[in-house]
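Trainee: Here it is, the structure in full.
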Amino acid sequence: MTNPHELDPVTPRLAARDVSVFYGDKRAIDNVSIDIADEYVTAFIGPSGCGKSTFLRSFNRMNDTISGARVEGSIALDGKDIYTSGMDVVQLRARVGMVFQKPNPFPKTIYENVAYGPRIHGLSSNKAELDEVVERSLQRAGLWDEVKDRLSDSGTALSGGQQQRLCIARAIAVDPEVILMDEPCSALDPIATAKIEELISELRGKYAIVIVTHSMQQAARVSQRTAFFHLGKIVEYGKTSEIFTNPREERTKDYITGRYG
Amino acid sequence: MNSPSHQQRIVAHLASRHAAERRFRALGFFSVALSALVLGFLLFTILRDGLPGLDWGFLTASDATDPAKAGIWGALKGSMMTMAVTLALAFPVGVFAAVYLEEFAPKNRWTELIEVSINNLAAVPSIIFGLLGLAVFLALFPNWRSAPLIGGMTLALMTMPVIVISGRNAIKAVPPSIRDAALAIGASPVQTVFHHVLPLALPGILTGTIIGMARALGETAPLLMIGMKAFVATPPEGFTSPSSVLPVQIFLWSDEIDRGFVERTSAAIIVLLAFLLAMNGLAIYLRNRFENRW
């Protein structure tokens, strides 16, 4: 595999070193090292069951919630290992947001969905400030114009694509440094998918974005860096343009050209 | 593929399939009719015997040796107070136990053992709880014989496992994606439970609570064990004064030789049923309120 250090001279936001993830005795991720930089959208691609979602969930320690899951190695956020006992998981998740495969808005109002994060983290001192955060987050998520007149409607009453943008707004509202997206479009129709992809491109540079996707076209469209996972390892990591036009590894080429996966 | 013989085969089977459909519907209708009939007969006889005696005097008086003067108020007030104690003890303990077991407890042999014990506890005959109340509560507070406080405590023991079991099921039914969403935004586990999981589980928890409370309201045996069968001619003044409860009052009156008590008994049953209906109504109201909140 490539040495991730050679790839980009920029300081990594996230740096994973020799990370292995176990589910009980099963090793889902095997000694993976990778740097994630602010400037880019990084895509994880690979066949089902290759461990890319598992790996993604170790960046905000969501694997902690699965009993029997265990992470070895180190993942540093801004140079500080998130798996040391000194790292507060609640604080970590305020800095590393996540968007899930299936849109999962809270069954509360649209306003409450976005306001929840800032509220529990005590980010705004009064109602006006909170209103502002909600509006700004919804605007950044490209949802404001569609929902500004019905903020008190239920978040679950929105369409699938709108729900997913609401989830992105909810993640943005606490102003994270990293946003993890676990196949955010797999439950959406092509039009909603296009909107989310557009949104990802707009958010690029403001946050380090890591996206797991099954769609290679999507990886090619939205990402600047792509890591190809297979059987729990990174086979190849590099510039998206190079991975898709001129992969170095035979296995990457086979996957991209549709020979398997 | 869709040859004529193929179609003929399907048609040949159609008649027997439709017949099966009709048979099942008839069976279902018969079952419903039977249960409705039993309920109707019960209601009819009770209303026929009891309604004439159900007047203001009956509702405001307490037990008396003369059936014409005997009323239900003492037992009704006693039941309300007993239920209040039961609810106040069993609901919080039951809900917290359910939350802990479902969301926080490590899955090991100890929690498994506790789980099995709680399931067994829910199936223990009520008279055993009465014996427990007699042996423990009355041994500790011998002066509170027949008191709603002791009765409520005894019934709470019985109701708590029902609330734990229904609470756990309701909590289990909350989709994991909601927990993921809350945790991923940085909510602590306790915040996740209290802001998201419990509100969604509440309708289910309330339904289970009401089922448990309704059972406790109709319970007679354990209360007989702790002495709530005495002749009490005045309504209870406080949670520690002697009292009767509705089902025990019905039991006592039904045992009287005086014919005048037949009407009293039926009237008391009407009051008990009305109390039950009111409780169920409240539960349905609360459930709908919480379900429509979003």
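Trainee: Jot down the radius of gyration and Dmax of region B:4-53, Cα atoms only, both in angstrom.
Mentor: Over region B:4-53's Cα set, Rg and Dmax evaluate to 21.8, 74 Å.
Trainee: Run through every distinct alpha carbon pair of region B:1-131 and return the Kirkwood hydrodynamic radius in angstroms, one decimal place.
Mentor: About 22.2 Å for region B:1-131.
Trainee: While we're here: Which residues in region B:220-235 place their backbone N less than 18 Å from a point set 7 Å from the Cα of B:Leu140 along the Cα-to-Cβ direction?
Mentor: So the set is B:223, B:226-227.
Trainee: How big is the gap, in Å, between the Cα center of region B:96-154 and the Cα center of region B:176-225?
Mentor: Cα centres, region B:96-154 to region B:176-225: 18 Å.
Trainee: Right, here's the next one. So which of A:Lys102/A:Lys195; A:Lys26/A:Lys52; A:Lys102/A:Lys127; A:Lys108/A:Lys148; A:Lys52/A:Lys253 end up more than 22 Å apart, counting from Cα to Cα?
Mentor: A:Lys102/A:Lys127
Trainee: Okay, moving on. Suppose every Lys and Arg Cβ carries +1 and every Asp and Glu Cβ carries -1, with no other charges. What dipole size does region B:4-53 come out with about its Cα centre, to the nearest 20 debye?
Mentor: 300
Trainee: In addition: Using alpha-carbon pairs under 8 Å, 6+ residues apart, how would you state the relative contact order of chain A in percent?
Mentor: So the answer I get is 27 percent.
Trainee: Within chain B, how many Lys pairs that are eight or more residues apart, or on different chains, come under 22 Å at the alpha-carbon?
Mentor: 4
Trainee: Can you return the aspartates and glutamates within cross-link range of A:Lys239? Criterion is Cα-Cα under 12 Å, with same-chain partners fewer than 8 residues away left out.
Mentor: Cα-Cα hits under 12 Å: A:Glu6, A:Asp8.
Trainee: For a Förster distance of 22 Å, can you work out the FRET efficiency between the beta-carbons of A:Asp78 and A:Gln224, rounded to the nearest 0.05?
Mentor: That gives a FRET efficiency of 0.60.
Trainee: Peptide B:134-141: average number of partner chain Cβ atoms within 10 Å per residue?
Mentor: 0
Trainee: Once you have a ≥ b ≥ c as the square roots of the Cα gyration tensor eigenvalues for chain B, tell me rounded if a/c is under 1.5, and otherwise prolate or oblate according to whether a/b is larger than b/c.
Mentor: oblate
Trainee: Largest first and in whole Å, give the semi-axes of chain A's equivalent ellipsoid, each being the square root of 5 times a Cα gyration tensor eigenvalue.
Mentor: 31, 21, 16
Trainee: A further question on this structure: Once the Cβ-Cβ distance between A:Glu202 and A:Ser159 is put in as r, and R0 is 35 Å, what FRET efficiency do you end up with, to the nearest 0.05? Numbers along the way, then the final one.
Mentor: Working: r = 20 Å, r/R0 = 0.57.
FRET efficiency, A:Glu202 to A:Ser159: 0.95.
Trainee: Looking at B:Leu101, A:Val212, B:Val38, which one has the Cα that reaches farthest to the positive end of the dipole of the protein assembly as shown (charges on Cβ: Lys, Arg +1; Asp, Glu -1)?
Mentor: B:Val38
Trainee: Can I ask one more? Take every Cα pair under 8 Å in chain B that's 6+ residues apart, average their separations, divide by the length, and report that relative contact order as a whole percent.
Mentor: 27
Trainee: Also, I was wondering about something else. Take the alpha carbon gyration tensor of region A:91-200, find the square roots of its eigenvalues, order them as a ≥ b ≥ c, and report rounded if a/c is under 1.5; if not, report prolate when a/b exceeds b/c, else oblate.
Mentor: oblate
Trainee: In nm, what is the difference between 0.36 nm times the number of residues separating A:Arg259 and A:Ser152 and their Cα-Cα distance? Walk me through the numbers on the way to the answer.
Mentor: Working: separation 107, 0.36 × 107 = 38.52 nm, distance 4.88 nm.
In short, 33.6 nm is gained.
Trainee: Right, here's the next one. What angle, in degrees between 0 and 90 and rounded to the nearest 10, separates the Cα long axis of helix B:148-172 from the longest principal axis of the Cα atoms of chain B?
Mentor: In chain B, helix B:148-172 runs at an angle near 10 degrees to the longest axis.
Trainee: I would also like to ask the following. Binning every alpha carbon pair distance of the protein assembly as shown at 20 Å from zero, what are the percents per bin?
Mentor: With a bin width of 20 Å, the distribution comes to 17, 34, 28, 17, 3, 0.
Read-outs: derived from the displayed coordinates by stated rules, not from any lab. Note that the structure is predicted; figures quoted are calculated from it, not measured. Every residue, glycine as well, gets a Cβ built from its backbone with ideal geometry; the counts of neighbours run over all protein chains shown.
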